[in-house]
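Values quoted throughout were computed directly from the atomic coordinates according to the rules given, and no laboratory measurement underlies them. Small disclaimer: the values here were computed from a predicted structure and weren't measured. Glycine also receives a Cβ, built like all others from the backbone with ideal geometry; neighbour counts cover every protein chain displayed.
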Amino acid sequence: MQDNLTPTAFRQYTHNTQEGYIPVTGGRIWYKVVGKHPQGVPLLVLHGGPGASHDYLEPIEGIARDRPVVFYDQLGCGNSDKPEDTALWTLERYVDELHQLRQALELKEVHILGQSWGASLAAEYVLRHPQGIASLVLSGALLSTSRWIEDQKTHIAQLPTELRETIRNCEHAGAFDSVPYQDALTAYYKIHVCRLDPWPECLNRSFEKLNFSIYEYMWGPSEFTVTGALKQYERVHRLKEITVPVLFTCGTYDEAPPSTTRYYQKNLPGSHVHIFEEASHEHHLEKPEEYVRVVRDFLYDAKRG
């Protein structure tokens, strides 16, 4: 079903899935609403990247039995328009985009779930627009670029010698597109991004759709080398300003590891953390039933409280 979901249609929503486009600064973004329980406070889901798409977050549709779940592809990503103006690829504009989406769907009260870079966007959004936010779920969160870089150095140091040397030599030479570097990156991904073999089809779709131009402009040429607009991104010092209930999640092998996730939790009084054993950055894919249960319970308690 492909049409524009008006605010009235959202309130009277009865179909399992409905999708459409919303105009935002710079173009149109695609969204999808899953679930037929309009009495539940909606959950708005923010994908990572930067430059990825919503596809890999499909297991979160399991929460739609309680409440509408709203997915969208950020501008330049997935099913949304793909303008080439780099002036649009800023944290500030993506925050504005999220607010425009929320206003278009009249999401006066909403839970927000952000994964990876989506957690950065979620935190930034609630700091600027705290009204009507029922809670935040921050999964595999990026809230400090400097901390992220140090964590990846630790992960690389634990790789086999040959992989470590390949990564070091290729990065020193700027050979990010070389086959040896890409092979080493794949080996790293299988440990710290998604440990399933084979990878789920929805995750493969997101990688196939990745807008690398956005990723490189905002982040850099790889997970380890940060040269983009988010290089100076640091928000830990402002976490204490967030007053809504917050749940942090991560996997034991996450790119954002338990030590960093607990560090975030300690800087946000009253927040909670759940660590998924034997899982990594995509712990919602590796432990989907546990993830849906943990998030469902948290959303219920957050609203009840």
Q: Using a 10 angstrom cutoff on alpha carbons, build the Gaussian network for the chain and name the most mobile of Q74, Q18, Q232.
A: Q232
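To make sure I understand, if each residue's beta carbon is the centre and we count other beta carbons within 10 Å, what order do L138, L113, L75 fall in, fewest to most?
Numbers: L138 32, L113 28, L75 25.
Sorted ascending by nearby Cβ count, the order is L75, L113, L138.
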Q: Would you mind checking K209/K287; K82/K153; K32/K190; K82/K190 for any pair whose Cα atoms are more than 27 angstrom apart?
A: K82/K153; K32/K190; K82/K190
Q) For the chain, what proportion of DSSP beta bridges, expressed in % and rounded to the nearest 5, is antiparallel? A) 35
Q.
Taking a ≥ b ≥ c as the square roots of the Cα gyration tensor eigenvalues, with a/c under 1.5 meaning rounded and otherwise prolate when a/b beats b/c, else oblate, which class fits segment 265-305?
A. oblate
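With a Förster radius of 35 Å, plug the Cβ-Cβ distance of Y263 and K108 into 1/(1 + (r/R0)^6) and report the FRET value to the nearest 0.05.
On the way: r = 33 Å, r/R0 = 0.95.
About 0.60, to the nearest 0.05.
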Q | Loop chymotrypsin sites (Phe, Trp or Tyr not before Pro), segment 149-235, which have at most 16 other Cβ atoms in a 10 Å radius of their Cβ (DSSP) | A | F176
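Calculate, in nm to one decimal, what Q232 and Q182 gain on full extension: separation in residues at 0.36 nm each, minus their alpha carbon distance. Please report the intermediate quantities before stating the final value.
Details: separation 50, 0.36 × 50 = 18.00 nm, distance 2.58 nm.
The span from Q232 to Q182 would gain 15.4 nm if fully extended.
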Q | Placed amide H near L46: partners under 5 Å, 5+ positions off or other chain | A | L113, G114, Q115
Q: Kindly write out, for segment 193-198 in residue order, the coupling ³J(HN,Hα) from the Karplus curve 6.51 cos²θ - 1.76 cosθ + 1.60 (θ = phi - 60°), rounded to whole Hz, with x marking Gly and Pro.
A: 9, 8, 9, 6, 9, x
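Can you put E61, E124, E289 in order, fewest other beta carbons within 10 Å first?
Details: E61 17, E124 20, E289 9.
The most exposed by this proxy come first: E289, E61, E124.
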Q | Amide H within-cut-off set for T249, under 5 Å, with H built and near neighbours excluded | A | L138, S139, G140, A141, H274
Q) Tell me which lysines have Cα within less than 24 Å of K240's Cα, excluding those fewer than 8 residues away on the same chain? A) K108, K231, K266, K303
Q: Work out from phi, with θ = phi - 60° and the Karplus expression 6.51 cos²θ - 1.76 cosθ + 1.60, the ³J(HN,Hα) of each residue of segment 92-97, listed in order in whole Hz, and give x for Gly and Pro.
A: 4, 5, 5, 5, 4, 4
Q. Using the Cα gyration tensor of segment 48-144, with a ≥ b ≥ c the square roots of its eigenvalues, what is the shape: rounded (a/c below 1.5), prolate (a/b larger than b/c) or oblate (neither)?
A. rounded
Q) In whole Hz, what ³J(HN,Hα) sequence does segment 216-222 give by Karplus (6.51, -1.76, 1.60; θ = phi - 60°), x for Gly and Pro? A) 5, 5, 8, 10, x, x, 7
Q: Select from S80, H54, A64 the residue farthest towards the positive end of the dipole of the chain; place +1 on Cβ of Lys and Arg, -1 on Cβ of Asp and Glu, and compute about the Cα centre.
A: A64
